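This report concerns only the one structure given below.
The values are calculated or read from the model by the stated rules, or taken from the named source; none is laboratory data. Keep in mind that this is a model prediction, so the values were computed, not measured. Virtual Cβ from ideal backbone geometry, glycine too; neighbours counted across all protein chains shown.
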Amino acid sequence: MLKSDKWIREMCLKNKMITPFVEDLITKGKISYGLSSYGYDIRVADEYKIFTDVYNTVVDPKEFSPKAFVDVKAPYCIVPPNSFALARSIEYFKIPRGVIGLCIGKSTYARCGIVVNITPLEPEWEGHLTIEISNTTPIPAKIYSNEGIAQLIFLGSDQICETSYKDRKGKYQSQRGVTLPKVIKGK
């Protein structure tokens, strides 16, 4: 069942599901963020990994090379044409066992050719979200730090999952900052 602003507020104040938690939707002069009717608009921090082809590197999730990107810490990020950047949410999440979170891009950026991708926030996962920001246009795109980047929708179940992300010791549990891809080696 889709969770409302009342439920999200209660979970955040009682269980610190989202930290820091903004109880109102902030809109004036900003790309909106905070609590909305049936979700929560997250903010993008000022830390980015912008992908570049300077070193002619292949993006390989099993052997990720730091030569594939440049690190930027700034009040905004310019994402090159037809490229992407990784960033992180300002908010830190602690998802309850009976809940899953899904991400949807914000319409303000979508109208500029910006696509945001975040994988589901699984039951009992916690950490900063690593956010992929894709620029689908043939021109550079500007992303504003400390403002809205995507909306999360929370779904609750009347049954608790048998195995949570925490139970299976997920490789991205408790991640902080922009987290690069990981592959567990061995069997």
Original post:
Looking at this structure, is Asn135 without any contact (Cβ under 8 Å) to a residue 60 or more places away in the chain, under 15 Å from Tyr48 (Cα atoms) and surrounded by fewer than 16 Cβ atoms within 10 Å (Cβ to Cβ)?
Top reply: no
**OP:** Keeping to region 94-121, report how many residues are of a type in the set (Val, Ile, Thr), buried (at least 21 other Cβ atoms within 10 Å of the Cβ) and under 12 Å from the mean Cα position of the chain (by Cα).
**Re:** 1
**OP:** Mind listing just one residue for me: the one in region 99-121 that is in contact with an Asp or Glu (Cβ under 8 Å, 6 or more places away or on another chain) and not in a strand (DSSP E or B) and, of those, modelled with the highest pLDDT?
**Re:** Lys106
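Are any of the residues in region 9-31 at positive phi, basic (Lys, Arg) and either touching a Gly at 6+ places or on another chain (Cβ under 8 Å) or in a loop (DSSP other than H, G, I, E, B) (or both)?
Let us first name the residues in region 9-31 that are at positive phi, namely 16, 29.
Still in the list and also basic (Lys, Arg): 16.
Of the ones still in play, those that are also either touching a Gly at 6+ places or on another chain (Cβ under 8 Å) or in a loop (DSSP other than H, G, I, E, B) (or both) are 16.
Yes, region 9-31 has at least one match.
Given the residues Glu91, Glu124, which is the only one that is assigned to a loop (DSSP other than H, G, I, E, B), modelled with pLDDT of 95 or more and either in contact with a Gly (Cβ under 8 Å, 6 or more places away or on another chain) or surrounded by 18 or more Cβ atoms within 10 Å (Cβ to Cβ) (or both)? Don't jump to the end; show me each part of the working.
Values: Glu91 fails: assigned to a loop (DSSP other than H, G, I, E, B).
Criteria check complete, one pass: Glu124.
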